[in-house]
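Take a look at the structure set out below.
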Number of protein chains: 2
Amino acid sequence: MPAVAKRADRHTPESLLAVAVDVFNVRGYDGTSMEELAKAAGITKSSIYHHVSGKEELLRLAVTRALDGLFAALDEPGALEGPAVDRFAYVVRRTCLELVRNLPYVTLLLRVRGNTGAERDALERRREFDHRVADLAAAAVADGDLRPDLDPRLTARLVFGLVNSVAEWYRPDGPVTGETVADALGSLVLDGLRPRS
Amino acid sequence: MPAVAKRADRHTPESLLAVAVDVFNVRGYDGTSMEELAKAAGITKSSIYHHVSGKEELLRLAVTRALDGLFAALDEPGALEGPAVDRFAYVVRRTCLELVRNLPYVTLLLRVRGNTGAERDALERRREFDHRVADLAAAAVADGDLRPDLDPRLTARLVFGLVNSVAEWYRPDGPVTGETVADALGSLVLDGLRPRS
DNA sequence: TCAGACTAACCGACCGTTCGGTAGGATCGA
DNA sequence: TCGATCCTACCGAACGGTCGGTTAGTCTGA
């Protein structure tokens, strides 16, 4: 009884979110007005408030989605079982794929600065994520499976800076697939650019 | 006769720029009001316009400074002479050091999205910089000094994404020096994280 | 007929910017 | 030496415009 073809409403919180995230990523959250959002969605400004409580809720929905996707990777078997170095490599690869799969949402998350409550909450969850990955890198160094001459915290920061930077240029309609990026990135991180002698 | 001790004015375009860049980096350019800028500088909003033409000029001054510093590295002997792989490594290291040395300005540059004229001009110069670095990577691959199985454009993007990501977490008053970051980064890029057998 | 999707008109607050005016050191003619 | 004059740095008040959000009501399909 719920699924009896309602009126083909043009907008849902979900569809508005998709539009909003795209506009936020182009103009920036602060640089985007509700009027612009409305125009992009083909609706009037006031109509947006029929579906969502306001601008900040759209941001909160977006970054929550991105964070849920990233944290999900940490709870998968590949991130929980086996040698730390393998788990580290798995998380790096998996995060990269998640970023590409969920590109607009993760991109928005990575640009959050902490001006609003939603942003500050997102930053806190991001810190938690970074912390868990740094622990993984430290464990791999302790196992002797990563170079001991590089500080594990610095390593974790560099590696995830590298992963996150993909959001700055990756385009899903481009020639490069997410798999290709994840492979190149994993190979670069583990083996470097120099040919093995 | 001109240099006879003038009045000790509290503000110059230069000092306002330093304040503005710091505030822009915390709140974002769009998220910063002239009132906030004025409060941070200890001056009234209207007084700012005595020194600079407006908000966008402050942004333009900042990103121009950052870009000039980065391009200067490309014209140094280390980036012009010798094997391509060495020039590539030199530019990576040099860019990293420049980022750390000029942190607030480069950070602001890296966050520019293209909403205003000043931002679009900056993005264009950034693209030019990236292009020249990608050429360097391609030349090094052609020489057989970088792994041929990774696409040089992808490589250049990843490596400079890595360098740029340093701006997200580096703090000059922290325990890590710019030299340390540059060394770790150069070593990671060339040799990877895996211990050499 | 009635609930829900939607809109035009509007609100107070705040935006970047401008303007008229002022304090006070520098300059200069006498 | 001293008053008149000028200039630079600065300020308070206000501008037109835009912001995110609200209100009161219309339209529409079942």
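Structural remarks
- Residue tally, condition open to solvent by 10 Å² or more (accessible area, probe 1.4 Å) and within 13 Å of residue B:99 (Cβ to Cβ), over the range B:179-197: 1
- Matching residues in the range A:18-49 - criterion: being within 23 Å of residue B:24 (Cα to Cα), within 12 Å of DNA strand C (Cβ to nearest atom) and open to solvent by less than 40 Å² (accessible area, probe 1.4 Å): A:31, A:34
- Among the residues of the range B:37-55, the ones that are within 12 Å of DNA strand D (Cβ to nearest atom) and within 14 Å of chain A (Cβ to nearest Cβ) come to 0 in all.
- Residue count, the range B:149-167 (criterion: without any contact (Cβ under 8 Å) to a residue 12 or more places away in the chain and assigned to a helix (DSSP H, G or I)): 4
- When B:58, B:110, B:99, B:67 are checked against the criterion of being modelled with pLDDT of 95 or more, within 14 Å of DNA strand C (Cβ to nearest atom) and under 30 Å from residue A:32 (Cβ atoms), B:58 stands alone in meeting it.
- Hey, residue A:79 more than 16 Å from DNA strand C (Cβ to nearest atom), closer than 24 Å to residue A:129 by Cα and surrounded by 16 or more Cβ atoms within 10 Å (Cβ to Cβ) or not: yes
- Within the range B:160-178, being surrounded by 17 or more Cβ atoms within 10 Å (Cβ to Cβ) and either farther than 23 Å from residue A:126 by Cα or assigned by TED's automatic domain parsing to the domain that holds residue B:26 (or both) holds for one residue alone: B:178.
- Checklist (1) of a type outside the set (A, V, I, L, M, F, W, C); (2) farther than 26 Å from residue A:115 by Cα; (3) not assigned by TED's automatic domain parsing to the domain that holds residue B:187 applied to residue B:46, failing item: (2)
- Number of residues in the range B:82-101 that are open to solvent by 20 Å² or more (accessible area, probe 1.4 Å) and not aromatic (Phe, Trp, Tyr): the value is 11.
- Test: residue in the range B:56-67 that is away from chain A (no Cβ under 13 Å), within 16 Å of DNA strand D (Cβ to nearest atom) and open to solvent by less than 10 Å² (accessible area, probe 1.4 Å): yes
- Evaluation of residue B:168 against the conditions (1) out of contact with any Pro (no Cβ under 9 Å at 6 or more places or on another chain); (2) more than 9 Å from every other protein chain (Cβ to nearest Cβ) shows that the sole unmet condition is (2).
The values are calculated or read from the model by the stated rules, or taken from the named source; none is laboratory data. The structure displayed is predicted, hence computed values, not measured ones. Don't worry about glycine lacking a Cβ; one is built from the backbone with ideal geometry, like all the others, and counts go over all protein chains shown. Heavy atoms of the whole protein, side chains included, go into the accessibility calculation; ligands, DNA and RNA do not. Shrake-Rupley method; radii C 1.70, N 1.55, O 1.52, S 1.80 Å.
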